[in-house]
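Presented below is the structure to which this report refers.
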Amino acid sequence: MLGQLAMQDPVPGREILRVEGLEVSFDGFKALRNLDFSLQYGELRFLIGPNGAGKTTLLDVICGKVKPSQGQVFFKDSIDLTKHQEHQIAQLGIGRKFQAPSVFSTLTVFENLALSMKQQRGLLSALWAKTTSEQRERLHHRLEMIGLQSKARERAGSLSHGEKQWLEIGMLLMQEPDLLLLDEPAAGMTDSETEKTGELLQQISTHQTIIVVEHDMEFVRQFARTVTVLHEGTLLREGTMQEIQNDKKVAEVYLGRRVERGA
């Protein structure tokens, strides 16, 4: 079932994204400095670093919200994202979720997912049109994945903060993206919601590729496979969480004494 409903499975060992010599300046301040970065199909990659390190700016460039002054961003080998607009990049298969959840509060959970389905219909026609059996199967699959099948008929505005975050992730998945960009998906969640979010991301990454910007180090420790540390707009270190924690330079500029204590 899952294999039929998901996008094409990731191809291990192949790059889905490659960033070369990326530079972004805001009024003379260099947010990204000659940044090189690569990502393989099926990765669950965490981006960490102090405020101002360039994490969100990198996501902004990938999704087309910000244009770099220099460098290239290649998606699926040959598509240079810097030459495309934001809406075109979304159509190419890149989905972006910002920190604050954005859902249609007066519509039900099911209606929110149905509206987000990849289709060539306007808002109202999508809401009232009859769904096919295949579409209903996809909708129920996503409801089950995000753990909201019991709340399908409830209005999205009545959901908890964590449930709204899961709904928005589900809405992104209905667009069938190959790459998901998530900005602090666990922010403001309870411990149990955070745990469930990490498990959801791991499940999604069996069929799609994910970049997560995150400040919650406990969340990163628990669910990260590969961690990229940015500092002052450039790549400082990359590796497993254990390698990152044991790196003296990372400890100096970001993690501080927490690393020395092994926390």
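Structure data summary
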read-out: Residue within region 185-193 that is of a type in the set (A, V, I, L, M, F, W, C), touching a helix residue (DSSP H, G or I) at 6+ places or on another chain (Cβ under 7 Å), within 12 Å of Trp166 (Cβ to Cβ) and in contact (Cβ under 8 Å) with a residue 24 or more places away in the chain present; value: yes
read-out: Residue among Glu214, Glu218, Glu252 that alone is crowded, with 20+ Cβ neighbours inside 10 Å, of a type in the set (Asp, Glu) and at pLDDT below 95; value: Glu214
read-out: Subset of region 56-105 [assigned to a strand (DSSP E or B), touching a residue at least 12 places away in the same chain (Cβ under 8 Å) and not small (Gly, Ala, Ser)]; value: Gln70, Gln72, Val73, Phe74, Phe75, Ile79, Ile94, Arg96, Lys97
read-out: Hits in region 42-52 - residues which are in a loop (DSSP other than H, G, I, E, B), crowded, with 20+ Cβ neighbours inside 10 Å and out of contact with any helix residue (DSSP H, G or I) (no Cβ under 8 Å at 6 or more places or on another chain); value: Glu43
read-out: Per-region count, region 53-87, residues among the hydroxyl-bearing types (Ser, Thr, Tyr) and surrounded by 14 or more Cβ atoms within 10 Å (Cβ to Cβ); value: 3
read-out: The one condition in (1) surrounded by 20 or more Cβ atoms within 10 Å (Cβ to Cβ); (2) modelled with pLDDT of 95 or more that Gly147 fails to fulfil; value: (1)
read-out: Options Leu32, Leu59: the member that is in contact with a helix residue (DSSP H, G or I) (Cβ under 6 Å, 6 or more places away or on another chain) and at pLDDT 95 or above; value: Leu32
read-out: Failed condition for Thr209, given (1) of a type outside the set (A, V, I, L, M); (2) more than 12 Å from the chain's Cα centre (by Cα); (3) buried (at least 21 other Cβ atoms within 10 Å of the Cβ); value: (2)
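The values are calculated or read from the model by the stated rules, or taken from the named source; none is laboratory data. For clarity, every value in this text was computed on a predicted model and none was experimentally measured. Don't worry about glycine lacking a Cβ; one is built from the backbone with ideal geometry, like all the others, and counts go over all protein chains shown.
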